[in-house]
Amino acid sequence: MKKLLLFAVFSIFTFTFTLAQEFRIGVKGGLNLATFTGDALTAFDTRASFHIGGLVEIPISEKFLVQPELLYSEKGSNLDGFFGFGIKTRLNYLDVPVLAKYKIVKGLSIELGPVASILVKAEGVKDDESRDVSAFYKNFDFGIGGGATYRFSRGLFLSLRFTKGLLNINEPQAPDDNNSDSKVQNNVFQISAGFTF
């Protein structure tokens, strides 16, 4: 699955460079506010982390463009337990959003599109000790992202985006595990700053 997604990313960027005539290449980064939702009987808190990566803007018409991105994005959540017991879950993904963007007025656009993700690293942290928990989470995730971007002069832009995970990322364990049937989805709100060339 990882090789297939990486091939898809390579194909998108190759297609962009060969066919797009007035495309823009850019970099972006910013704050992630991530948490889990689902049917698990637990209280998940928001985890603050980051994202960083690159993008390409491909104009289709005067008002409409497509924006594929490749981002390293830290997600996860904090589990608020009883009697001060809690676990921080750090899930690091390689995200590939492919967004349709529509320019509303000069500088301001709205965006919507699919976001495919590959799990790169998964850690559970308790009492400042971390351990690998990748066996508990699926390697692939998929969601829908939507938001808005405001572009200033000279290529600087700011954007807000919310990505709702659509797949259950919980990897079932032993049949007698009480949480094996629990469904958990990634959700992340992103505040980004970037620059296009």
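Return the distance in nm (one decimal) between the two label points of a simple spin-label model at Tyr102 and Asp127, each offset 7 Å from Cα along Cα→Cβ.
According to this spin-label approximation, the distance is 5.4 nm.
Need one number: nm distance between label points at Asn168 and Lys63, each 7 Å from Cα along Cα→Cβ, rounded to one decimal.
Going by the 7 Å Cα→Cβ label model, 4.2 nm.
Per-residue HN-Hα couplings for the range 182-189, Karplus 6.51 cos²θ - 1.76 cosθ + 1.60 at θ = phi - 60°, whole Hz, x for Gly and Pro?
5, 9, 10, 10, 7, 9, 8, 9
Which lysines, on any chain, are close to Lys101 with Cα under 19 Å apart, when same-chain ones fewer than 8 places away are left out?
Lys101 reaches Lys28, Lys63, Lys164.
What is the order of Thr149, Thr163, fewest Cβ neighbours within 10 Å to most?
Lowest to highest Cβ neighbour count: Thr149, Thr163.
Going through the range 94-153, which trypsin sites (Lys or Arg not before Pro) have at most 13 other Cβ atoms within 10 Å and a DSSP loop state?
Lys106
Bear in mind that the values in this text are calculations on the coordinates, not laboratory data. In this text, all values refer to a predicted model and were calculated from it rather than measured experimentally. Glycine gets a Cβ as well: all are built from the backbone with ideal geometry, and neighbour counts include every protein chain shown.
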